[in-house]
Amino acid sequence: MGLSFTLLGSGSSGNTSLVSDGASNILVDAGLSGRETARRLRECGVEPGQLSAIVISHEHGDHCRGVGPLVKNLDIPVFMTEGAFAASNIKLDPRNNLCKISAGEPFEVNGITITGFSVPHDASDPLGFVIEKDGVKIGIALDLGFLSNLVLERLKGCDALVLESNHDVRMLKVGPYPWALKQRVMSRRGHLSNDSVASFLANDFDGKARHVVLAHLSKNNNLPELALLCAQRGLDSRQDSAGLHTRLELAGPDQISKTYRY
Ligand SMILES: [Zn+2]
Ligand SMILES: [Zn+2]
């Protein structure tokens, strides 16, 4: 087997994914509570102590609130940028390694190669990730205001994509958020809309991924059906849509996704 991944949860209440090659288990973001992460890991057959690494995209609580509790009594390396660590309030046990990473510099965890890439988001040095082993490539891009040329380049050739489809612009505009927050979410350092994802799938997606998992959906400003419909319209508008083997999937906050294997 090359790689598999499972979303343990995704949304503003917490984002956490498990990537595995069958021997090593890597947690990408730890935005659920430590206890809930442990519970969901065990449901996937993985004890927290069997984690080989935790990789953090940025310092917002919905991506890192579980790190401290999870590594409290375990010797697990935590990989994150210096900027993200400095901006976070993560307390690490001195026995645990903080491994500083930089955008564009690949690192390895037991033969699994991970490369962070910069994403436009209002955080300190935030990253998306490409994770590779044995020719299998998984791209994860959550929390980004728009798909920059760099991000589009990094997401090429992936067998699976986990992509934020945060909000429906119309729902956000008429929804309950204060105007300043609405502006932040819609800004180029905010979050990706359903329309942005549809446009990506229609115009920029290379058609390689077998699965595109729509993630980080807003509870207030989106509906799963709407995100899916919008993305499907994007895919269907392609000239090569009949020949595409890409399936759209949804990830939610409360349940563990299926496990995608490549
Ligand atoms: Zn964020
Ligand atoms: Zn987030």
Going by the alpha-carbon gyration tensor, a ≥ b ≥ c the square roots of its eigenvalues, is the stretch 1-110 rounded (a/c under 1.5) or, if a/c is not under 1.5, prolate (a/b greater than b/c) versus oblate? rounded
Can you give the local net charge around residue 183? Use residues other than it whose beta-carbon is closer than 13 angstrom to its beta-carbon, Lys and Arg +1, Asp and Glu -1. +4
Using a 1.4 Å probe, how large is the accessible area of residue 132, given in Å² and rounded to the nearest 10? 70 Å²
Just the number, please: percent antiparallel of the DSSP beta bridges in the chain, rounded to the nearest 5. 50 percent
With +1 on each Lys and Arg Cβ and -1 on each Asp and Glu Cβ, how big is the dipole of the chain about its Cα centre, in debye rounded to the nearest 20? 460 debye
Does anything in the stretch 206-232 have its amide N under 14 Å from the 7 Å Cα→Cβ label point of residue 258, and if so which residues? 210-214
Too long for a 22 Å Cα-Cα cut-off, among 91/219; 156/219; 100/208; 137/208; 91/137, are 91/219; 156/219; 100/208; 91/137
So, taking all protein chains as they sit and a 1.4 Å probe, how much accessible area belongs to residue 107, in Å² rounded to tens? 30 Å²
Can you give the local net charge around residue 86? Use residues other than it whose beta-carbon is closer than 15 angstrom to its beta-carbon, Lys and Arg +1, Asp and Glu -1. -1
Folded to 0 to 90 degrees: helix 34-43 orientation relative to the chain principal axis, Cα: 80 degrees
Can you give the three extents of the C-alpha atoms in the stretch 18-67 along their principal axes, from longest to shortest, in whole Å? 29, 19, 13
Helix 224-236 axis, angle to the chain major axis (alpha carbon atoms, nearest 10°): 60 degrees
The stretch 144-251, dipole about Cα centre (Lys/Arg Cβ +1, Asp/Glu Cβ -1), debye to the nearest 20: 380 debye
Keeping all protein chains in place, calculate the accessible area per residue for the chain (probe 1.4 angstrom), answer in Å². 42 Å²
At 1.4 Å probe size, what's the solvent-accessible area of residue 113? Round to the nearest 10 Å². 40 Å²
Which one of 61, 157, 243 has the biggest mean-square fluctuation once the chain is modelled by GNM with Cα springs under 10 Å? 243
Per the helix-only model, the chain has a calculated mean residue ellipticity at 222 nm (DSSP H runs of ≥4, -39500 (n - 2.57) each, divided over all residues, rounded to the nearest 500) of -6000 deg cm²/dmol
Thinking of the chain as a set of Cα atoms, what percent of all their pairs are more than 30 Å apart? 21 percent
Along each of the three principal axes of the Cα atoms of the stretch 217-262, give the extent in whole Å, ordering the values from largest to smallest. 35, 29, 10
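The values are calculated or read from the model by the stated rules, or taken from the named source; none is laboratory data. Small disclaimer: the values here were computed from a predicted structure and weren't measured. All Cβ positions, even for glycine, are placed from backbone atoms using ideal geometry, and neighbour counts span all protein chains on display. The area values use the complete protein model at the heavy-atom level, side chains included, leaving out ligands, DNA and RNA. Shrake-Rupley method; radii C 1.70, N 1.55, O 1.52, S 1.80 Å.
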